[in-house]
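These notes are about the structure you will find just below.
What follows draws every value from the coordinates through simple rules; no lab data is involved. As the structure is a computational prediction, the values presented were derived from the model and not from experiment. Because the Cβ atoms are built from the backbone with ideal geometry, glycine has one as well, and the counts that use them run over all protein chains shown.
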């Protein structure tokens, strides 16, 4: 009786096929994802949102034309974030659904990339007034992220912060507080994580007002705003488009709690960064 070798029973594997999708691929059939995302950041850094949308749509079509499903998945994630920030619910939700479809097809449902997709989807649904849907996606992301042996603290901090926002919307105050505290701990481990920490402190001030009422929460809120202000003024933070975006996002909180002077200061700083970025592109 002859020896049974592995090749006698194992299904032959195509050396030019993607092991996940089974589709034929070659090393050139990929869009340049990193360069696409960097260019997107440049558009947003100078507030050219029309250009950013054209850029995203062009590369999405390119990924689809060459059947680069991984690239298409990445672009759908970028698009849901872009449309969320633009307040465009229909496009953001459509992009979230497309990303989820591709995630399942690619087999990423239990992987870190799938967790990131769940976080992005949860953020979209909460932004447009659907916290009950959002919390389900955040819980799915949490199950994946918390079991990773080497956690990505930046992404984990983002999950906790966004989950805290949704729990506030659901009036689950204690759980929201715990998530915000964990977000602060995670972002303390991240290089230049001060911006996200500042956002979390401001979110905590808002949560205190929602739970206790504006007057009752005022002392606590001003303590949290003081912490946020200190973090925003961290000397070695890169003064780039993202910094400008965060300042613009944080300014209304300072106006709300009576510190209009600082609100105006960071709005003006944000505006100057955007202007400098636009001039640099000319």
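Assorted remarks:
- Summarising the label geometry, the points placed 7 Å from Cα in the beta-carbon direction at residue 260 and residue 226 lie 2.3 nm from one another.
- Label-to-label distance, nm, for residues given as residue 174 and residue 216 (7 Å Cα→Cβ offset): 1.6 nm
- Using a Gaussian network model of the chain in which every pair of alpha carbons under 10 angstrom is joined by a spring, one finds that among 215, 104, 194 the greatest mean-square fluctuation is at 215.
- Listed residues 207, 260, 96, most fluctuating in the chain (Gaussian network, C-alpha, under 10 Å): 260
- Paramagnetic label zone (point 7 Å from Cα along Cα-to-C-beta, residue 276; backbone N under 17 Å) in the stretch 237-268: 237-248, 265-268
- For residue 58 and residue 105, the difference between the fully extended length at 0.36 nm per residue and the C-alpha to C-alpha distance is 14.7 nm.
- Using the Cβ-Cβ distance between residue 152 and residue 30 with R0 set to 25 Å, the FRET efficiency works out to roughly 0.65.
- Label-reachable residues, the stretch 38-67, where backbone N falls under 16 Å from a point 7 Å from residue 192's Cα toward its Cβ: 38-46
- Point-to-point label distance, residue 185-residue 132, nm (Cα→Cβ direction, 7 Å offset): 3.2 nm
- Between the C-alpha center of the stretch 181-212 and that of the stretch 29-43 there is a gap of 29 Å.
- Between the stretch 235-282 and the stretch 130-172, the Cα center-to-center distance that results, in Å: 27 Å
- Residue with peak Gaussian network fluctuation, the chain [Cα springs, cutoff 10 Å], from 147, 227, 97: 147
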